[in-house]
Amino acid sequence: MASTFLNLLLLVVVGMFSSVCSLPPRISFLLNSTHRPLVHFKLPDVHNTTTLLLSDDSSTLYVGARDAILSLDVSQVDAVVLKRKVTWRPTAGDMKECEDKGKNPQVDCPNFVRVLQFLNSSHLYACGSFSFSPRDVVIDADSFSVVQLDKASGRCPFSPFQRNTAIAIDGELFTATTSDFRGVKPQISRHFSKHGPDVSQDSSVNLLDEPTFVGSSLDAAERKLYFFFNEVGKEFSFMDELRVARVAQVCKDDVGGQRTLQKKWTSFAKAPLLCRSPRQLPFNILQDVFSLPPPEGGDASDTLFYGVFTSQWSVGQQSAVCVFTLQDVRTAFAGRYRTLEMQTHQCNHVMGTHPFLGKCGLDAASDAELFEVKRSFLSSTEVKPATDAPLVVSSQHQFSRVAAMRTMAANGKWFTVLFLLTESGFVHKVVLLDQGPRVIEEIQVFTQPQLVKSIVLSSTKGVLYIGMSEGVTSVPVADCSVYTSCSRCVLARDPLCGWSLSSSACVRLDDRPELLAQDVENGNVEKECPPQTSISVDTVHVELNDVVRLRCVKPSNMATLTWTSPQFKDLPEKLFIQSADGSLLFHAAAATFGSYHCEAEESGYSEVVASFTVQPPASPRSTSSHDDDRHVSGGEYEEIVSEEPQTTKTRPSGGPEGEGQKNETSSTNPRPGSEPRVQGDGSNVTVTSIGDAWSSSSEEEPLNAPGGEKSYYDELVVVSLLLGLCVCVLALGCALVWRRKNVGLRQKRLLGADSGPELKVEE
Ligand SMILES: *[C@@H]1O[C@H](CO)[C@@H](O)[C@H](O)[C@H]1NC(C)=O
Ligand SMILES: *[C@@H]1O[C@H](CO)[C@@H](O)[C@H](O)[C@H]1NC(C)=O
């Protein structure tokens, strides 16, 4: 015991000094991004749609909500349609009683549906908190009507905020929940038993200590059920509130003992689940678990359990994913057990093994054997991750839910893709590679923190459903169309997406006879893609001394941008500034007219993503033509102004694949008559005449004033680099004079970020 304590202390010390790696998502999509459309389902009068159940054929999604149960038609991937709704609400009397017990009528007393399971092919079972007095119903799935209503005991929690889990098998229901008003009596039990009495757990000893139940799974071959949870680890008696993650087992057909353990499990046992990096503090709080069955034809013992864990000691947003095999869980329950000292309630190691511990079929066991069962329920074997260490460790995201799927890549290799929901509302799609995990994309699904939420994955349909307090969101597991070129499709390294040479599009892999360009392991573009066709060049006309901003957007968060120009070996720092958003800023001068290329580098592959030629004005523009211009381009500007904030919102971390697409479209399909083309399409260039930079923001675009100031600052830096402070002050004076002289002159606006620049358009 002492050495365990020292070990743990050492871990604490080491843990404090070691850092955890972080995984940046390659692309980010904010909520309601038009580039990665999701389907949001909500009804004005239905809330807390958090208990989800998908039909076997993935065509119907049943939803347990507040005071209602819904059936949704999800047979179409891009639509969620309400089929039926059952209202199931406590009476005014129930509500009054709940309130009298000191509960908040709005928050605690409605009926929150917490269990939704198939009893058989035609009937659904549901259990709801029902004003802190759980009830259950049986629903005919066809007519979607309630056929039976009961007072449920021990099938779902009284409190709508306590976690529970349930699983129905062949009409029998297995639940893990607290079973009392105060929520302190945990219970794992079987209901609707077909071959014996309903069975629950022995309450003469503390089999569970303040558990939080997170999931359950069936081991059909061994006829066992597993419950995943975390609880206070009483074996660590030196630390009071040390929580540990656990898996517990019961046998499906357990009927209890004859004299000892009547109607109680004779097969209950639990084992620690360990998720820890070497020399790190353990991730000891299990948040969610997902059972991934073996590939078709595989051995059931290869079933995998993916668990997301957080740590009791973490200060920030730390979490990890560990994977366990069913085989290791079975081994733990077949091994040695600790024995509870009945007087001291301490756990010790069993000296000899009792072969019957953890086994099914003890109904005829002797009282002496069952006495041993009663006090030896904690396996001394820890279930360790199949990969020794966590698969994913994040120091920036607190994962709360997990789903996993296997998918075959174009080269016939299988890959596992995880979907991790973070507390902050993003789904991280992670592909597990030999060289480590890779976050292909992050997709925001909610903005308000959710106390209760759930996810369900249909891997056959390729859709992830997320149940939240305000509705259900359906997220396609991939949207390959966001990758607009072969190189982008291959660099994404998404096993679900490949580039079709015949249709020149990035498409979903499923059922494609055609061989698609894809390289999940290395993202080798040169090997997979035809050479890049050179992109078209935008020509920009500017006056001498204008400040030019050439825009270039990172195609992904992983890309690095470099600007090159044939007339310079390296762009001299005293003439050019590359701003954080990737733009190139400089002052138009004889030396800086010429061509510029923006190159994006990722995974050793470089590609020109934007090209410009900066030239002096082709012909002087007469003043009279300004009015016409104003009219034509006014609409364009409106569009930009409305579009710019949206784009910024969509890609906060600056890696929009779709944004890159926008650039490309702008280069290849200039919209005729939509002057000014460069600004209108891609927002690629901003030209700011020094005088205008001073005058416009307050007059025409008060809303954009902060942005205008920011970009003016950039420009000032350039100006000062070029001309020095004195010249700058002179310019300011000139500008003010000029401005006064041109009060009536029309000011033009460009981007939201830059205000009132003088605009030169190629003829
Ligand atoms: C399904 O379960 C319900 C409720 O227990 C029962 O009434 C019904 O007969 C069962 N149906 C089948 C096909 O077993
Ligand atoms: C129900 O939803 C509301 C928001 O609509 C949320 O504040 C509340 O916490 C939810 N309650 C439960 C039990 O999930």
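In table form, for the structure just shown:
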quantity	calculated
Where trypsin sites (Lys or Arg not before Pro) fall in DSSP loop in region 181-217, at most 16 other Cβ within 10 Å	Arg182, Lys194
Column: log10 I(q)/I(0), Debye, Cα scatterers of region 349-412, q = 0.15, 0.23, 0.28, 0.29 Å⁻¹	-0.76, -1.06, -1.30, -1.33
Debye log10 I(q)/I(0) for region 480-528, one point scatterer per Cα, at q = 0.14, 0.25, 0.31, 0.32 Å⁻¹	-0.25, -0.82, -1.25, -1.32
Amide H partners (placed H, <5 Å) of Ala505, local residues excluded	Ser500
For peptides 197-207, 295-305, 124-134, 464-474, sequence by mean Cβ density within 10 Å, most packed first	124-134, 464-474, 197-207, 295-305
Per-selection Rg to Rh, region 188-305 - Cα, Kirkwood hydrodynamic radius	1.01
Kirkwood Rh and Cα Rg combined as Rg over Rh, evaluated for region 355-453	1.20
Partner lysines for Lys224 [C-alpha distance under 19 Å; skip if fewer than 8 residues away on the same chain]	Lys194, Lys252, Lys263, Lys264, Lys270, Lys359, Lys374
Inter-part distance where region 569-599 and region 434-482 are each reduced to a Cα centre, Å	41
Cα centroid separation, region 144-213 to region 523-555 (Å)	62
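Quick note: the coordinates plus some simple rules give every number you see, no bench work behind them. Predicted, not measured: the structure shown is a model, and the values here were computed from it. Using ideal geometry, Cβ is built from the backbone for each residue, glycine included, and neighbour counts are taken over all protein chains shown.
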